[in-house]
Amino acid sequence: MLLAVAAGCGSDPVPVAVPQPAPEVAEACTSLVKALPAKILDAERRDTDPPSPLTAAYGDPPIEITCGVAPPAGMAQAQSQCFEVNGVGWFANEAGNGVIFTTIGRKLYVEIAVPAKYAPEANALTDVSDAVKAHNTLITPCT
């Protein structure tokens, strides 16, 4: 019994801010988040707090995924900074503890915050690319 309690400590829900997108964006994001894999970089999926169909988290420290976010500052000028991973364009923004990636050139803005522990952080994008391609319409490819 004690072992089960100790094992559960690492899987506490991860606090992730929930965006408030338009209803049609929220509906599309729900499908995308459901399609995300069970693991990213061998990190297991965890619950988020508050629970939301627009968010997901993996591992400890958590990789956080949020769908339906606003485009980040600097993204409008960033088309030239777009890089592609498995057919999905991304904008990278260095954060103090890792990198925040945001889809670029697609209908939905999906943000993936990857802590520096998982360096090179961009490797996490390979695990989510299939779900993003299947559930997030391409508008403008990376150039």
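Taking the stretch 18-72 and the strands (runs of 3 or more DSSP E) fully enclosed by it, the elements with 3 or more residues that are under 17 Å from Val128 (Cα atoms) and of a type outside the set (A, V, I, L, M) are at 43-46, 63-67. Can you pull out the residues in the stretch 92-123 that are surrounded by fewer than 19 Cβ atoms within 10 Å (Cβ to Cβ) and of a type in the set (D, E, K, R)? The answer is Glu94, Lys107, Lys117. So which residues in the stretch 26-77 are of a type in the set (Val, Ile, Thr) and over 11 Å from Val110 (Cβ atoms)? Those that are of a type in the set (Val, Ile, Thr) and over 11 Å from Val110 (Cβ atoms): Thr30, Ile40, Thr48, Ile63.
Looking at this structure, is Gly68 at positive phi, surrounded by 15 or more Cβ atoms within 10 Å (Cβ to Cβ) and within 13 Å of the chain's Cα centre (by Cα)? Against the criterion (at positive phi, surrounded by 15 or more Cβ atoms within 10 Å (Cβ to Cβ) and within 13 Å of the chain's Cα centre (by Cα)), Gly68 qualifies.
Per-residue answers, yes or no, for (1) on the phi > 0 side of the Ramachandran plot; (2) surrounded by fewer than 19 Cβ atoms within 10 Å (Cβ to Cβ):
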residue	(1), (2)
Ala26	no, yes
Ala38	no, yes
Leu41	yes, yes
Pro53	no, yes
Tyr58	no, no
Pro61	no, yes
Asn86	yes, yes
Trp90	no, no
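Taken together, the values in this text are just the output of simple stated rules run on the coordinates, not laboratory data. Values in this document were obtained by computation on a predicted structure and should not be read as measured data. When we count neighbours, we look across all protein chains shown, and the Cβ atoms used for this are built from the backbone with ideal geometry, even at glycine.
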